[in-house]
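One structure is given here, and the rest of the page talks about it.
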């Protein structure tokens, strides 16, 4: 009977939960639908564990991205970032393995996801079309949510930091019945802060609840719901430059908006999944995600470029109201068996995603401003008054749907050699309506192959190679009026992986090349034959290639380390306007991300010290008019375990108060943002023994 059922335990599988392990690495990841050791996956993968997120005070997905080698969080026009990897966007995010189209349209989806709901963040760099379908070759990110454990736990966390930053979090979970077959988790989080930028403030509330129930010894159902609500007075599009490209070198506290700037973001996510274990070798999983998100803002922004005396500035009043609804589902069967004297593993599945939006956008411009005499008190505006003043009131809507069936087959001809083959057949439908026009695109039965090989040199080391393709439907049209054929690409990667110290340390060395072809370029031979402008040809080609190296985990007793280095070049190989130029302007050629935390031994064992550095070389502006200097940012931490239940941590970010610009859609006119000045955060955690 359910009342006496023992809590489910599955033998022969990895425990991928990182919460409570104290580790900076994980023995396995689930981004590929089954739990697999990192060294058995022939692609570059990073895991950000709960411990590392807590130690470095990472609270948002942009924090996670910008502390991972090979990843760039491109600052958006306001809050949030556009995520890039190896020079290309990461279009989709997985929520517990279910893909949703993010990073995809205008202002509506700049990434701001809170990390307080998640046990870990799994990041795969490189093409991931096998499991996700059509999209960019940047990679995949899997956000794995917290769940109730077998033991009860309560953690209360308080924060006090620079610029009137205060936060309070309650995280509680555990069994809800005597047998442990019903488990729950609740997270309540409130965060309030001002900013180093004058007038800017933010209030964010995060709520999360989850239930997992073992219906039988072999079947578990999980439910979860989260809500992130933020209200803020933000600054949009940063600062302009001088007309010649030089930095105006404004104080970092300079605010370019108005006192009536305001923005809200309301995101609700529903999760549901059921897992059935037929036996110790085979299992079935069905998971679904529903996300509803509303973004509204009314704000003042400024644009240039400006003259040396500060003149030439334009004020813009902007109003946006973006609403998106996303639905996703993934179903898979996975198992392992022996046949023909060889160990084999199979995954077969299908998935579906849908994005619909209802968007409103309006703006009005006023010239005659001066960057050295900004007006923060121009007449109050709302979205209707801006539309009435300008006569510009744009309504638009997206409807993007994708479905596919996929499969992988892993076979071991010998104890040391694993061969992996697979593929996906996908269908993609795109519809955009705006300005009285409608654009549609449809792709059916597109096949994406996948092949990989892993060879174990020893119990600890393996070498690997992999190949896959990418396709991205396009909406540009040829002179004949037909849609361009999809972008196609080939992704090649080889590398060396290590699993050391009984799994407490993972290492990676990867070399990769990706060629992106059939990109839309202007068809100058056809003249202005497409609505008074150039038509397109599918003739562009881009290449991204590089090296990544990484080590994570307890490298010596008491020392948890993450160190990652990435070298990347991107170039237009074929393009009439950009031949030979850098493709991804915001991707640095060299990048280092380093963080270490050491728990002192002996009589000093209550004390821990941490330090790290984020450094990268220069990038260029999106309009290719100026260079952004590279930067090196040092961070530090001191922790003290006062009692087994009570701990303190003090983080200092940008220790040497470096003044620098972050990668963004930097242009002469706008979108130039400073990185945060030196700041501190004191964290107090209380975790009573229950």
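Laboratory data are not the source of any read-out in this text; all were calculated from the coordinates shown. These numbers were taken from a predicted model, which means no experiment stands behind them. A quick note on method: Cβ atoms are made from the backbone with ideal geometry, for glycine too, and the neighbour counts reach across all protein chains shown.
Report relative contact order for the stretch 288-400 in percent, whole number only (criteria: Cα-Cα under 8 Å, sequence separation at least 6). Kindly include the intermediate steps, with their values, before the conclusion.
Details: 229 pairs, mean separation 33.2, N = 113.
Dividing the mean separation by the residue count of the stretch 288-400 yields 29 percent.
Over the chain, what is the mean sequence separation of C-alpha contacts under 8 Å (at least six apart), divided by residue count, expressed as relative contact order in percent? Present the calculation step by step, with values, prior to reporting the outcome.
On the way: 2051 pairs, mean separation 81.7, N = 690.
Relative CO of the chain lands at 12 percent.
Each of the peptides 263-274, 15-26, 129-140 was scored by the mean count of other Cβ atoms within 10 Å over its residues; in descending order, highest first, they stand as 129-140, 15-26, 263-274. If you wrap the tightest convex hull around every Cα atom of the stretch 485-626 and split its volume per residue, you get 150 Å³. In this rough spin-label picture, where each label sits 7 Å from Cα along the Cβ direction, the residue 414-residue 600 distance is 5.1 nm.
How high is the FRET efficiency between residue 325 and residue 638 when r is their beta carbon distance and R₀ equals 45 Å, given to the nearest 0.05? So the FRET efficiency works out to roughly 0.50.
Set the Förster distance to 56 Å, then compute FRET efficiency between residue 231 and residue 15 from the Cβ-Cβ distance, nearest 0.05. Once rounded, the FRET efficiency stands at 0.90. Here the relative contact order of the stretch 491-629, from alpha carbon pairs under 8 Å that lie six or more residues apart, stands at 16 percent. Its DSSP H runs of at least 4 residues, each contributing -39,500 (n - 2.57), put the calculated 222 nm mean residue ellipticity of the chain at -1000 deg cm²/dmol, to the nearest 500. When peptides 526-534, 500-508 are ranked by their average number of other Cβ atoms within 10 Å per residue, the highest-first order is 500-508, 526-534.
Backbone N atoms of the stretch 179-203 closer than 20 Å to the 7 Å Cα→Cβ label point of residue 378 belong to residues 198-201.
Working ranking of peptides 487-493, 392-398 by packing, defined as the average number of other Cβ atoms within 10 Å per residue, highest first, is 487-493, 392-398. Placing pseudo-labels 7 Å out from each Cα toward the beta carbon at residue 615 and residue 247 gives an inter-label distance of 1.8 nm.
For the stretch 321-403, the normalised intensity computed at q = 0.13, 0.16, 0.17, 0.23 Å⁻¹ comes to -0.70, -0.84, -0.88, -1.08 (log10 of I(q)/I(0), Debye sum over alpha carbons, equal scatterers, no solvent).
Report, please, the projected area of the chain averaged over directions, based on the convex hull of its C-alpha atoms, in nm².
On the way: hull surface 123.1 nm².
Computed as one quarter of the Cα hull surface, the answer is 30.8 nm².
In nm, what is the difference between 0.36 nm times the number of residues separating residue 682 and residue 513 and their Cα-Cα distance?
Values: separation 169, 0.36 × 169 = 60.84 nm, distance 4.30 nm.
That pair, residue 682 and residue 513, stretches by 56.5 nm at full extension.
How high is the FRET efficiency between residue 399 and residue 624 when r is their beta carbon distance and R₀ equals 35 Å, given to the nearest 0.05? The computed FRET efficiency comes out at 0.55.
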